[in-house]
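What follows is one structure encoded as C-alpha cells, with my remarks underneath.
Bear in mind these aren't lab numbers, they're just calculated from the coordinates by the rules spelled out. All figures in this text were calculated on a predicted structure; none of them were measured in a lab. With ideal geometry, Cβ positions are generated from the backbone for all residues, glycine too; neighbour counts draw on all protein chains shown.
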Amino acid sequence: MGTPDEKLIRSFTDAGVPVLVEHNIFAYFDNTADRDRIHKHIFISKAQLEIYKQRAGDFFEPSKCISIYYPVETETFDAYDFNRDFSKPVFGRFSRDDPKKWHPINIQVLPFIKEAVPDARFHVIGLPDAYRDAIGQLNCLDMVSEFPLTMNETELCGFLNGITIFTHGAVIGESFGASIAEAMASGLPVVTHSGGDGAQAELVTDHYNGFVVDPRHIRSYAARVIQLLKEPGLKKEMGDRGKARVKEWFSVNGIVRQIEDVFEGLYSRNSG
C-alpha cells in the first residue's frame, strides 16, 4: 500500500538484498524507507504518482518513481461474441457491494434519466443495501435490475454485453480502475467523475471514450448519460476508442516489458 512496513523492509535489508522495488498501490509516502532503502517506486497510474509527489514534498525523487498501469488480461473479452445492441437504453455498472466503491451520484441521476428516457434501465452488480434503499426513496427501483456477484469473466462479459453505457462512480476515486478498464475492453463508453484518487479521469478522456464530470454537478452527469442513451452511434464510437485504448495502454506483454526494463536497469546499475 505504500504505508510504512519497517519489519518487512528491515528483513530484506538485513538479508543483504541490494535492490528494493516497491509497487506502491495507494501512493503513501514512507518516511522511514522511501528516502534511502527503496530504490524504485512503481505506481499504477500517473494520478497516483502525482499524489505521492505531493505527499513526499521536498523528499520527492523523480528518478526513483515511474507509473506502470495494471495489465488487463483481454483474452476472454476478445474471445467473447459481443453482439451488443447500442440502441437499447440500458446503462449499468459492476463493483464490490462496498459503499466506498460507489458514489451518490450513481443514484442521484436516476430520476433525471427516468424523466428524459422513460424506458431506460439500470443494470447492476454489487448494489449496497444503503444505495438500494436510497433508490427506493427516489421511486426508481423499477429502473433497476440486479445481477449476482461473480468472479467468472465469461459471466461478466455476458453482463457487459447487456448494457450500452458503463456509469462509474466511487467516493474514493480509483487508484487504477480495473472495472473501468474491463468495461472499456468490452467496447463500452464510460461516464465517470473527477476527484478522489483520480485515475478514473485518466483512463477516460472527456469527449473521447466517454465523459468525465464534476461529481458536484448531478444534472451534468445525468445529461451525459441521457445524451449517450439517445445517440447509439456515439456510444459505439466511444466504445471502440476505449477498446483500442485498452490494447494500447494495458496489454499484458507491454506491461511486463516495462517492468522488466525497470528490473534490468536497476540490476545493471547495481552490478556495475
Point-charge dipole on Cβ atoms (K/R +1, D/E -1) for segment 75-249, about Cα centre, debye to 20: 460 debye
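Going by how many other beta carbons lie within 10 Å of each one, how would you line up 102, 249, fewest first?
Working: 102 24, 249 16.
By the 10 Å Cβ count, ascending, the order reads 249, 102.
For the chain, what proportion of DSSP beta bridges, expressed in % and rounded to the nearest 5, is antiparallel? Let's see the in-between values first.
On the way: 0 of 25 bridges.
Beta bridges within the chain, antiparallel portion: roughly 0 percent.
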Given the candidates 104, 59, 26, the one whose Cα lies deepest towards the positive end of the charge dipole of the chain, counting +1 at each Lys or Arg C-beta and -1 at each Asp or Glu C-beta, is 104
Gaussian network model of the chain, Cα within-10 Å springs - most flexible of 143, 184, 151: 151
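Could you estimate the translational diffusion coefficient of segment 75-249 from the Stokes-Einstein equation, with Rh from the Kirkwood formula over C-alpha pairs, at 25 °C and 0.890 mPa s, in whole µm²/s? Let's see the in-between values first.
Details: Rh = 15.7 Å.
Answer from the Stokes-Einstein relation: 156 µm²/s.
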Sorted from largest down, what three extents in whole angstroms do the Cα atoms of segment 86-155 have along their principal axes? 34, 29, 16
Percent relative contact order for the chain, counting Cα pairs under 8 Å at least six residues apart, stands at 19 percent
Residue 87-residue 145 pseudo-label distance in nm [points 7 Å out on the Cα-to-Cβ vector]: 1.7 nm
³J(HN,Hα), Karplus 6.51/-1.76/1.60, whole Hz, each residue of segment 225-236, x for Gly, Pro: 5, 4, 4, 5, 4, 8, 10, x, x, 5, 4, 5
If each part is reduced to its alpha-carbon centroid, segment 173-249 and segment 14-86 end up apart, in Å, by 22 Å
Can you give the FRET efficiency to the nearest 0.05 for residue 255 and residue 64, using r as the Cβ-Cβ distance and R₀ = 30 Å? 0.95
Quick one: grab the alpha carbon gyration tensor of segment 60-178, order the square roots of its eigenvalues as a ≥ b ≥ c, and give me rounded if a/c is under 1.5, else prolate or oblate depending on whether a/b is larger than b/c. oblate
Residue 263-residue 11 pseudo-label distance in nm [points 7 Å out on the Cα-to-Cβ vector]: 1.9 nm
Given +1 on the Cβ of Lys and Arg, -1 on the Cβ of Asp and Glu, and no further charges, what dipole in debye does segment 23-78 carry about its Cα centre, rounded to the nearest 20? 300 debye
